[in-house]
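The values are calculated or read from the model by the stated rules, or taken from the named source; none is laboratory data. Since the model is a prediction, treat every value here as computed from it, not as a measurement. Cβ coordinates were reconstructed from backbone atoms using ideal geometry, including for glycine residues, and neighbour counts include every protein chain displayed.
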Amino acid sequence: MGPRLYKATKAATSPPTVIIGKTNMDEFALGGTTINPHYGSTRNPW
């Protein structure tokens, strides 16, 4: 692992890191309907 990648990984995993984001995909990303039993259908945010 190069020094630049190491610095980015270290910065991303050190506290107080807050990861914001969520995906809503079919299991293993194999479906085309985006219907998720836990979160419902994917909607366009725009």
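Considering only residues that are of a type in the set (Gly, Ala, Ser) and loosely packed, with under 10 Cβ neighbours inside 10 Å, look in segment 28-46 and name the one that is modelled with the highest pLDDT. Once the filter is applied, the top-ranked residue is Ser41.
Only residues that are modelled with pLDDT under 75 and either over 10 Å from the mean Cα position of the chain (by Cα) or outside any loop (DSSP other than H, G, I, E, B) (or both) were counted across segment 18-27, and they come to 3.
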